[in-house]
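Trainee: My questions will all concern the structure given below.
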Amino acid sequence: MSDQNEIEHQLTGLRPIWNELFGDVLYVAYGDDMPTTDALAVCHEMVPGAWLIGRMRSTDLRVSANAVLKGWAVTLQAAATVEVRTQRLVEQLVTAWNRLGLMHKAALLMRSPLGAEQICIELMAMACDTVELDVAFVGLGRDGYVRFMWTQNGFTNFQEASILHALIRSDGLLRCDTPDQCNRMIPGGGFKSFIGRRLLTDASRPVYIGMAARETPHTYNAGDIQIFESLVEQLTTVIEIDRLHEQQVDSESIRRDMELASEVQTGMLPLTLPNPDGFSIAAMLKPASKVGGDLYDVYSGNGSVSVMVCDVSGKGFPAALLSFEVRAAIRSQFHSANHPGVILRNANQSLYEDLVRVNRFVTVTLLSIRQDGSSVVYSNAGHPSALHYRASDHQILHLESTTFPLGIFANISAAVQPIDMEAGDVLLLYSDGLTEVEDYKGRLLGLGGIGQLLLTLNSLPAEGILERLQAVHGQHQGEYAVSDDMTIVVIKKLPENPVEPDIYLHWRIEGDLSQLASVSDSIQHFAANLAVEVDQVWFEEVHLAVSEAAANIMKHSVNEGEGYINGLYALYPTHIEVVMVDNGRPFNWDSAPMRFDKDAPAEGGYGMHIIRDVMDSIQYQRLPGNFNHWRMIRNLPNSVRTRN
């Protein structure tokens, strides 16, 4: 065929990559029929009469080798017709594989027995070669002194001091694309281009990294920046783990190892949570042991706030290590994309081989909120469905999966789904450790229990909802040991003029008449903490109405001992609000007597009459999910209202 030379030329760049990944040769065979190959070879037709063949060192590599070869065959097909376009595509292909190869090598290197310093300089050298720069360094600080390690010799103390001063002053990424920029930012450094930053590690032991060109200026493109930021995440993990290991006592037990790993995991969590306009975010992580495979992250950039919750299969230290790698892979994507589906798809491509090798998978929910609050979209890779409380009709919506977990398939969908959020709506992202906790009767808290809590607590700020979810989780499990990690992220869309309760009290009891005294105790406790003084008779009326409402639910709605009742008392500037939610039988509000006849009381006695007589407003709704929702309001006397 006429373009054989062009294809052979393109293979020159691909053969070293193939050899490094799969350990054998890559060649082209010509003929009308598919060439005969053995089990250690894969073959794909590029154009009629031309076959791309790759040999492997092991049949275990067949799946990944076949996928790579097929992709290259399609790419090289273009070389037969459009030489210029082919050159560009192959260059992009080689660059992309260089980046993937770097991440793969980095993952292997981090698992090697080498010390942290050697791993750091090896990683920098790999990155330097990938980006095609001349020199790289790592600066390790301790006891007020920074020791530089270079991939090449010949740098003076003055040059190192100039670099250190520039990185400290930049307080972030320092990037110089031209010699003039380098001379201005790093005087005396002698660089044509430079990129570097300080790692976010322990302040007492700062770490600085950088790469530079000494001969020819290099303009850093988006791919270079992504490689560098990925490197930052990897090196931060290496340094932090090394720092924590150095704190071990010589004969410290495994318990201490787990405590140190827990510090690493805690250090991975964001110190502050950015809030998009009109939103409030609260989050927590609680491993089942010292460390685990759960992790969350909140990142602001590219005009959006991204919220991630992930769960690595397995438990303990191995799962925690993988969760660090997952976070690094996803974080590296934030710098160039804010599309949750694309980020998860790219992260899966980076992590797939490592996850398959250790027989693990990762479920992830990734959500993106525009900084101005105008839109919310999400992608769910096999993670438990996020819950959306919709304030307009008190419904709990389930945000189902949009694609497969990471590590199951080499390629996954980049699908996303929008979330229509209005004022008062609440999103709950969580791991299964929240829902799969059992009480003393073996009953799961479950999605029903969490939904009931959201229906009760939605008027609280995000931090209040989070605190009560944690508290109920602890109460539900009682003295039983936690068996799974737990992550919770609460996102609330705020009204334009939010009015939060001055004080509130939440309670949750079994639907059993023996628990009625607990309701009475709760209202007494709430009264003792009120910021206003009300007439004793006024309060006793409220006390009586609340007790009657709870008794009514226990007698006529919830089968004794089978369900839970949630209640919330909240003090607002002008009124007290009482919310009760149960999952029992529906109540026919329309048939309840409006007037009380002492000579012929309705079934159920005086209860409904008392409630109607005391409360200024009563709302009852039967909600999807078999929930009864009560909202009762008693206005404060004008003399004690906190604000008009």
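Trainee: If you take the square roots of the eigenvalues of the alpha-carbon gyration tensor of region 101-244 and sort them as a ≥ b ≥ c, do you get rounded (a/c under 1.5), prolate (a/b over b/c) or oblate?
Mentor: Taking the square roots of the gyration eigenvalues as a ≥ b ≥ c, region 101-244 is oblate.
Trainee: What residue among GLY407, GLY424, LEU445 has its Cα farthest toward the positive end of the dipole of region 405-487, where the charges are +1 on Lys, Arg and -1 on Asp, Glu, each on the Cβ?
Mentor: Going by the charge dipole, the pick is LEU445.
Trainee: Related question: Taking 0.36 nm per residue of separation and subtracting the Cα-Cα distance, what length does fully extending ILE503 through ASP177 add? Don't skip to the end; give the middle numbers.
Mentor: Working: separation 326, 0.36 × 326 = 117.36 nm, distance 5.60 nm.
Extra length from ILE503 to ASP177 when fully extended: 111.8 nm.
Trainee: Same structure again: Along the charge dipole of the chain, which of PHE137, THR456, PRO35 sits closest to the positive end, that is, farthest toward it, with unit charges on the beta carbon of Lys, Arg, Asp and Glu (+1, +1, -1, -1)?
Mentor: Positive-end residue among those listed: PHE137.
Trainee: What net charge do the residues around LEU123 carry, taking every other residue with its C-beta under 12 Å from that of LEU123, with Lys and Arg at +1 and Asp and Glu at -1? Spell out each step's value before the answer.
Mentor: Working: positive: LYS105; negative: GLU117, GLU122, ASP129, GLU233.
Its environment carries a net charge of -3.
Trainee: Tell me, Kirkwood radius of region 1-54 from alpha-carbon pair distances, in Å? Intermediate results must be reported in sequence, preceding the final value.
Mentor: On the way: mean 1/r = 0.0854 Å⁻¹.
About 11.7 Å, per the Kirkwood formula over Cα pairs.
Trainee: Something else: Nearest 5 is fine: what % of DSSP beta bridges in region 318-455 come out antiparallel, could you say?
Mentor: 90 percent
Trainee: Summing Lys, Arg as +1 and Asp, Glu as -1, what charge do residues with Cβ under 12 Å from the Cβ of GLY154 carry, GLY154 excluded?
Mentor: Values: positive: ARG214; negative: ASP134, GLU160.
Neighbourhood net charge equals -1.
Trainee: Among LEU469, MET632, TRP18, whose Cα sits farthest toward the positive end of the charge dipole of the chain (+1 at Cβ of Lys/Arg, -1 at Cβ of Asp/Glu, about the Cα centre)?
Mentor: Value computed over the given set: TRP18.
Trainee: Follow-up. Residues with beta-carbon under 14 Å from that of GLN395, excluding GLN395: net charge, scoring Lys, Arg +1 and Asp, Glu -1? Please list the in-between numbers first.
Mentor: Details: positive: ARG390, ARG622; negative: ASP393, ASP420, GLU422, ASP425.
Net charge around GLN395: -2.
Trainee: If you project the alpha carbons of region 268-497 onto their three principal axes, what span does each projection cover, largest first, in Å?
Mentor: Taking max minus min along each principal axis of the Cα atoms, region 268-497 gives 44, 44, 29 Å.
Trainee: Then there is this: Can you figure out the FRET efficiency of ASP202 with TYR440, using R₀ = 56 Å and their beta-carbon distance, to the nearest 0.05?
Mentor: On the way: r = 43 Å, r/R0 = 0.77.
Taking R0 as 56 Å, the efficiency between ASP202 and TYR440 is 0.85.
Trainee: Here's a follow-up. Using only Cα atoms and rounding to the nearest 10 degrees, what angle (0 to 90) does helix 340-357 make with the longest principal axis of the chain?
Mentor: Around 70 degrees separate the two axes.
Trainee: 5 Å is the cut-off here: which amide hydrogens, built 1.01 Å from N in the peptide plane, fall below it relative to MET46, excluding neighbours closer than 5 in sequence?
Mentor: Correct list: TRP51, LEU52.
Trainee: At a 10 Å Cβ-Cβ cut-off, how would you order GLU45, GLU467, fewest neighbours first?
Mentor: Details: GLU45 12, GLU467 17.
Sorted ascending by nearby Cβ count, the order is GLU45, GLU467.
Trainee: Now for a different question. Report the charge-dipole magnitude of the chain in Debye, nearest 20, computed about the Cα centre from +1 at each Lys and Arg Cβ and -1 at each Asp and Glu Cβ. Don't skip to the end; give the middle numbers.
Mentor: Working: 49 positive and 78 negative charges, 174 e Å.
Here the chain has a charge dipole of around 840 debye.
Trainee: Can you give me the orientation-averaged projected area of the convex hull built on the Cα atoms of the chain, in nm²? Walk me through the numbers before you get to the answer.
Mentor: Numbers: hull surface 152.1 nm².
Mean shadow area of the hull around the Cα atoms is 38.0 nm².
Trainee: Next question. So how much slack lies between ARG57 and ASN221, counting 0.36 nm per residue of separation and subtracting their Cα-Cα distance, in nm?
Mentor: Values: separation 164, 0.36 × 164 = 59.04 nm, distance 3.50 nm.
That works out to 55.5 nm of additional length.
Trainee: Would you count, across the chain, every pair of lysines whose alpha carbons are under 26 angstrom apart, provided the pair is eight or more residues apart or spans two chains?
Mentor: The result is 10.
Trainee: Order of HIS575, HIS335 from fewest to most other C-beta atoms within 10 Å?
Mentor: Details: HIS575 14, HIS335 17.
Going from sparsest to densest Cβ surroundings: HIS575, HIS335.
Taken together, the values in this text are just the output of simple stated rules run on the coordinates, not laboratory data. Keep in mind that this is a model prediction, so the values were computed, not measured. Counting neighbours? That spans all protein chains shown, and the Cβs are built from the backbone with ideal geometry, glycine included.
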